[in-house]
Amino acid sequence: MAVNAKKVAVYALVVFALYVIITDPQTAADYVLIGFQGISDAAAALGDFATWVAKGGK
């Protein structure tokens, strides 16, 4: 039962993504940019934390 719900959710997400890409490519590009910016910010924060830990947490 849970597997079927997961498949339906994934298919719905894919259909929605394709709909947004086809109907409004500029907005879709903005969403991708926001996502990659978030990933970049998270990676930078992890790097800063690792540097802080390597320096003894001071």
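The values are calculated or read from the model by the stated rules, or taken from the named source; none is laboratory data. Worth saying up front: this structure is predicted, and the values here are computed from it rather than measured. For accessibility, only protein heavy atoms count, side chains too; no ligands or nucleic acids. Shrake-Rupley method; radii C 1.70, N 1.55, O 1.52, S 1.80 Å.
Observations
- Applying 0.36 nm per residue to the separation of Ala45 and Val3 and subtracting their alpha-carbon distance, the gain on full extension is 11.6 nm.
- Cα point-scatterer Debye curve for the chain, base-10 log of I(q)/I(0) at q = 0.15, 0.26, 0.27, 0.30 Å⁻¹: -0.68, -0.96, -0.98, -1.03
- Solvent-accessible area, 1.4 Å probe, carbon plus sulfur percent, for the chain: 74 percent
- Accessible area per residue, Å², the chain with all protein chains present, probe 1.4 Å: 89 Å²
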